[in-house]
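The values are calculated or read from the model by the stated rules, or taken from the named source; none is laboratory data. Owing to the predicted nature of the structure, the values given are computational and were not obtained by experimental measurement. Don't worry about glycine lacking a Cβ; one is built from the backbone with ideal geometry, like all the others, and counts go over all protein chains shown. The accessibility values were calculated without ligands, DNA or RNA, using every heavy atom of the protein model including side chains. Shrake-Rupley method; radii C 1.70, N 1.55, O 1.52, S 1.80 Å.
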Amino acid sequence: MRLRLLAAALVALLLAGCANNAAPQRAANGRKQLTVLLDWTPNTNHSGMYIAKEKGFYKKAGLDVKIIEPGQNSNATQMLATGKVDFAVSTEDEITPAIAQGLPVVSVGAIIQHDTSSLVALSSTGITRPRDLVGKKYGGFGGQLEKAVLQKLVACDGGDPSKIQYLNVGDADYRVGLTKHFYDYAWIFDGWEWLQLSKVDHMKVNRIPFANYEKCIPDYYTPLIATSQQLIKADPGTVSAFMHATRQGYQDAMAHPDDAVNALMKAAPDLDRNLVSLSAHYLASRYAADPATWGWQEAAVWNRFTTFLEQAKMLDGKVDVNKAFTNKFLGEGSGSS
């Protein structure tokens, strides 16, 4: 959402020669050392990687994998482009503008096969569909993508998007904002915030799933796993080894959600175990339609979302979708072809 200015700054960093794109080094135990940057604090979206680490899938693949959380001023695209990390959890709405700026990043696997975003409002507001948002106040980050999606949703449902009210609240606790009536609705992710609000906090809320309006707005990959073109060129075997082991971890999370709970709670013991369990079971059937297709990305999804960003004037350059993602490191049996 904030990538246009950031991407320009990253290009300057690269031109200044800040990138360090050497192939991963081997540790004393002979395994290759890799660093993975998360997009947020540890949560169920990351479960497959924690399982792969906990169950030794990475070790068996000859890898020492370090999973790190983002710092206050760090960004996945920046860290990849400058060679500070080997892989990062990101989103299509971050990767696409970065590629438009010429940054050498590429998506190598979709963590969740479809967008699980929704808008949520207290039931007392009467908001049940996009046109009900007219005249109501939205609480969010104030990003371009948020506004583009909301405007398209409202217009598509026969409402006047110019009458949407916006309030920039940043990383807010939506439970407080909604119940205190600071704003009327917010953008959430079903596998975490929706479960927290409805199942843990037992709030009376209505949800507008984006998946119900794909004729109006595009599906897109959020989150995904990205790496750099430099690493792919320097050491494609290591990229394959990492993605094979990671795929195995997510397939385990699909088959055994409680294993995902245990692995994540071991890595982040301060999380609410009840919420983690609800989320792990919810996502088990949503990481992919079939375990064999985990990570697979479709060109049609990238094309439609890229066109949406272009129409929203969120891209400062052209994007070759064929270079934005690849399925070749997922291994045999993945995808539909």
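For the chain, modelled as a GNM whose springs connect Cα atoms under 10 angstrom apart, the maximal fluctuation among W187, W40, W294 occurs at W40.
Quick one: net charge of Y174's neighbours, Cβ under 11 Å, K/R +1, D/E -1? In short, -2. Close amide H partners of Y185, meaning residues 5 or more places away or on another chain with modelled amide H under 5 Å apart, are K137, G139. For the residue pairs K180/K204; K137/K163; K233/K318; K215/K318; K84/K266, the C-alpha atoms sit more than 20 angstrom apart in K233/K318; K215/K318; K84/K266. For the chain, the per residue solvent-accessible surface stands at 44 Å², with DNA, RNA and ligands left out and a 1.4 Å probe. For the chain, the mean projected area of the C-alpha convex hull, equal to one quarter of the hull surface, is 16.5 nm².
Based on Cα contacts under 8 Å between residues 6+ apart, the chain shows a relative contact order of 27 percent. Within the listed set H46, H181, H281, the residue fluctuating most in the Gaussian network model of the chain (springs between alpha-carbon atoms under 10 angstrom) is H181.
Binning the alpha carbon pair distances of the range 198-337 at 10 angstrom intervals from zero yields the distribution 10, 29, 34, 24, 4, 0, expressed in whole percent.
Helical runs assigned H by DSSP (4 residues or longer) give the chain a calculated mean residue ellipticity at 222 nm of -10500 deg cm²/dmol, each run adding -39500 (n - 2.57) before division by the residue total.
If you take all other residues with their beta carbon under 15 Å from the beta carbon of P161, and give Lys and Arg +1 and Asp and Glu -1, the sum is +3.
Normalised by the number of residues in the range 208-337, the average gap of Cα pairs under 8 Å and 6 or more apart makes the relative contact order 30 percent. In plain terms, the bigger the Kirkwood radius, the slower the diffusion; for the range 53-115, with that radius from Cα pairs, at 10 °C and 1.306 mPa s, Stokes-Einstein puts D at 119 µm²/s.
Distant-in-sequence amide contacts of V65, defined by a placed amide H-H separation under 5 Å and a gap of 5 or more residues or a different chain, comprise L34. Just checking the listed ones, Q25, Q78, Q33: in the Gaussian network model of the chain with Cα springs under 10 Å, the one fluctuating most is Q25. Per-atom-type breakdown for the chain gives carbon and sulfur 49% of the accessible area (1.4 Å probe, protein chains only). Kirkwood's formula applied to the C-alpha pairs of the range 193-249 gives a hydrodynamic radius of 15.3 angstrom. A 1.4 Å probe over all protein chains sorts S74, S118, S285 by accessible area into S285, S74, S118, starting with the largest.
With all protein chains in place and ligands, DNA and RNA left out, the 1.4 Å accessible area ranks H202, H244 as H202, H244, largest first. Panel values: the range 97-240, Kirkwood radius from alpha carbon pairs, Stokes-Einstein at 20 °C and 1.002 mPa s, translational diffusion coefficient 127 µm²/s. Averaging Cα coordinates gives a centre for the range 298-316 and one for the range 188-218; these two points are 24 Å apart. Backbone amide hydrogens, once placed in the peptide plane, bring V105 within less than 5 Å of Q229, excluding anything fewer than 5 places away on its chain.
For the range 72-161, the fraction of alpha-carbon pairs lying more than 14 Å apart is 73 percent, rounded to a whole number.
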